[in-house]
Amino acid sequence: MKPNLFIVGAPKCGTTAWAQYLGTHPDIHISALKEPHYFCTDFPKLKKVASEGEYLALFAGGASKSVIGEASASYLYSKEAAENLRRFAPDAKIIIFVRDRPGLLFSWHSQLLYNRVENRSDFEQAWRLSGQRKPRDHGPACDEKSFLDYRSFGKLNEQVDRFLASFPADQVRVFHLEDWSRDPRATYLEIMRFLGVEDDGRTEFPRVNEAKRSRSKLVSLFFRKPPRAAAAVYHFVRRLTGWEAAPLTAKLVQLNSKPGYDKSLPASLREEIERTYADDEARLRPKIWRPSPGNGASAA
């Protein structure tokens, strides 16, 4: 089964939530493995599957569905994923989520801290070091140092344009976090129209993947970057017994988490970031789908 829907990012804009919302629709199958990162050939260490056969196996349960998809929030930032996706599935539908740059970057920094990718706990300091990090200036679980280049990460229009250059405009939809958070039902109806499936009547859109912090950094690092000996033991036991550690691991990671953030973004820094992306935002704005009575949002 070849996927025909890709939720490509951006991170911290609702990709996890929408993968879950769409995954319960009777005509849609979303890969249980979120973020396989398969088409990010410029981020090879992120890839969770090694071959096309292994990748396609993720969608084996979608044989009876008209829409088959996956969500990898790294695809939007990747400079190679859009063209790789076009070559793989030129008729695919692409869904993109964006948000205000200060909120995006502040949330992204928090996520990287939680994942032990970032080592600078002060966001302003991390922001000012964008593109200037020394070779070992990153967290112990960092597999892709370009994720710490916050200035580049915030260039959403440039990233959206890569997909619009690779796919016809009618195969791409861009949604804003503020819009869908205010009226998720309207966004859901538009996505149903976009995908060509019937509305299943969903009215509940619970919050998913809220910001977190780790209670123990050592425990967090163990699960993000397990020691080689521990990984070898796990793979040996799995081969012998078929046992999967994922459910237990997820539970332990959950127990090691607590709500974030522990501070807010200073107003002066927020204004600086908004100024930095003023031109990028102006170019992006016309490409975003907006709910209005004219496009059917009144049915929400």
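Looking across V98, V49, V67, one residue alone is in the same structural domain as S166 (by TED's automatic domain parsing), under 14 Å from the mean Cα position of the chain (by Cα) and of a type in the set (A, V, I, L, M, F, W, C). It is V98.
For H138, the criteria (1) within 19 Å of A10 (Cβ to Cβ); (2) crowded, with 16+ Cβ neighbours inside 10 Å hold in every case but one, which is (1). Checked against (1) within 14 Å of the chain's Cα centre (by Cα); (2) surrounded by 20 or more Cβ atoms within 10 Å (Cβ to Cβ); (3) closer than 18 Å to G139 by Cα, A73 passes all but a single condition, namely (3). Selection of the range 1-21 for residues being part of a helix (DSSP H, G or I), under 11 Å from the mean Cα position of the chain (by Cα) and in contact (Cβ under 8 Å) with a residue 60 or more places away in the chain yields T15, T16, A17, W18.
Here R86 does not qualify as free of Cβ contacts under 8 Å to residues at least 24 places away in the same chain, surrounded by fewer than 20 Cβ atoms within 10 Å (Cβ to Cβ) and of a type in the set (K, R). When the range 55-89 is filtered for residues that are under 17 Å from H29 (Cα atoms) and among the charged types (D, E, K, R), the ones remaining, listed by number, are K65, E70. Filtering the range 145-156 for residues that are outside any helix (DSSP H, G or I), touching a residue at least 40 places away in the same chain (Cβ under 8 Å), surrounded by 20 or more Cβ atoms within 10 Å (Cβ to Cβ) and among the small types (G, A, S) leaves a non-empty set. Here R133, R193, R173, R162 are screened, and the one residue that is assigned by TED's automatic domain parsing to the domain that holds S268, at pLDDT 95 or above, more than 20 Å from K12 (Cβ to Cβ) and surrounded by 15 or more Cβ atoms within 10 Å (Cβ to Cβ) is R133.
All told, P3 falls short of being within 21 Å of A141 (Cβ to Cβ) and either at pLDDT 95 or above or assigned by TED's automatic domain parsing to the domain that holds Q171 (or both).
Would you check which residues across the range 142-168 are of a type in the set (G, A, S) and closer than 19 Å to L105 by Cα and list them? Those that are of a type in the set (G, A, S) and closer than 19 Å to L105 by Cα: S146, S152, G154. Scanning the range 101-130 for residues that are touching a helix residue (DSSP H, G or I) at 6+ places or on another chain (Cβ under 7 Å) and either not in a helix (DSSP H, G or I) or not assigned by TED's automatic domain parsing to the domain that holds G154 (or both) turns up N115, R116, V117, E118, R120, S121, S130.
The condition (being buried (at least 19 other Cβ atoms within 10 Å of the Cβ) and hydroxyl-bearing (S, T, Y)) is satisfied by just one residue among S78, S64: S78. Has the range 51-71 got any residue that is out of contact with any Asp or Glu (no Cβ under 9 Å at 6 or more places or on another chain), of a type in the set (V, I, T) and not in a strand (DSSP E or B)? Within the range 51-71 (the criterion being out of contact with any Asp or Glu (no Cβ under 9 Å at 6 or more places or on another chain), of a type in the set (V, I, T) and not in a strand (DSSP E or B)), the answer is no, since none of the residues qualifies.
The values are calculated or read from the model by the stated rules, or taken from the named source; none is laboratory data. Since the model is a prediction, treat every value here as computed from it, not as a measurement. A quick note on method: Cβ atoms are made from the backbone with ideal geometry, for glycine too, and the neighbour counts reach across all protein chains shown.
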